[in-house]
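Throughout, read-outs are computed from the coordinates displayed, never taken from laboratory work. Values in this document were obtained by computation on a predicted structure and should not be read as measured data. Note that each Cβ is placed from the backbone with ideal geometry, even for glycine, and that neighbours are counted across all protein chains shown.
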Amino acid sequence: MSEWQAADGAKINYEVFGDASRPATLLMLPGLLGSISAQWRNFVRPLSPNFRLILMDLRGHGRSTNPANALQPDLMVQDILGLLDHLGIQSLHIAGYDFGGYLGLLLALTAPHRVETLLVHGAKFYWTKEAAAIVRAQLNPSHLAEKAPAYADQLVKEHGARNWRELLRQAGDLTTLLVEKGIKEPNLSNLSTPVLVSVGDRDELVPVIEAHRLAHILPQGELIVLPGVRHTFQTIRPIPLLPMMQRFHNLRNH
């Protein structure tokens, strides 16, 4: 594990597998309330022959800190860009799960020359007040500890006993922010980055019809629907997603 410090003092935890001799670099971003200790791990070994792999904890998640006391998408994108500058990486491929995919879209809009391809899996793009209210209610720490104690224990393990409740509050605030100030369809009309939109056919947060709509409005969008996959990362199996990732990212290496 390594650490990079942002301008505001946030310490960003990251890991690198492989060196610059690999044909390409792939950054794998975890989702909201996720961490690199629990997500993308089973993809590292099979992807290593073709990619130099980078995993990073989003600020306020896992081993990364967040002095900003809020989850601000623009600041989180700057974290990614700052880490890439620190590592001397000018452009790369990105795979993002959940909010990690949303950040990938925001990064491609902010610095399109740095994102060669982008995979977004289970990324909620169409936020409404109703959807945000439902998620906020689910993220209430007391409710979560009572209704889903195993998941609450997982959050404690990943983010720390002192941090997980505050992280839940910040995540709830973020969903409201995305309703009001999130990316809108017109923002994507000129996005030149090839984007592979992936969703499970049983995703409770992102309906297939929403993923289809997102892929359709992207100038270079593609869609894959994974059978038997729910929203949680643990339901994603390397097959068939892994060969689709290798095809999608590798085609743009040549």
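Sum up the lysine pairs in the range 86-187 that clear both bars: alpha-carbon distance under 19 Å and a spacing of 8 or more or different chains.
Lysine pair count for the range 86-187: 5.
Taking only DSSP H segments of four or more residues, each worth -39500 (n - 2.57), what value at 222 nm results for the chain once the sum is divided by all its residues, to the nearest 500 deg cm²/dmol?
Value at 222 nm, helices only: -12500 deg cm²/dmol.
Determine the gain in length on full extension of the stretch LYS184-ARG41; use 0.36 nm per residue of separation and subtract their C-alpha separation, reporting nm with one decimal.
Details: separation 143, 0.36 × 143 = 51.48 nm, distance 3.14 nm.
Contour length minus Cα-Cα distance gives 48.3 nm.
Counting Lys and Arg as +1 and Asp and Glu as -1, each charge on the Cβ, what is the dipole of the chain about the Cα centre in debye, to the nearest 20?
Magnitude of the dipole: close to 320 debye.
Of all trypsin sites (Lys or Arg not before Pro) in the range 181-254, which ones are in loop regions per DSSP and have a Cβ with at most 11 other Cβ atoms within 10 Å?
LYS184
Could you calculate the FRET efficiency of LEU81 with ASN140 from 1/(1 + (r/R0)^6), where r is the beta carbon distance between them and R0 is 30 Å, rounded to 0.05?
According to the calculation, E is roughly 0.35.
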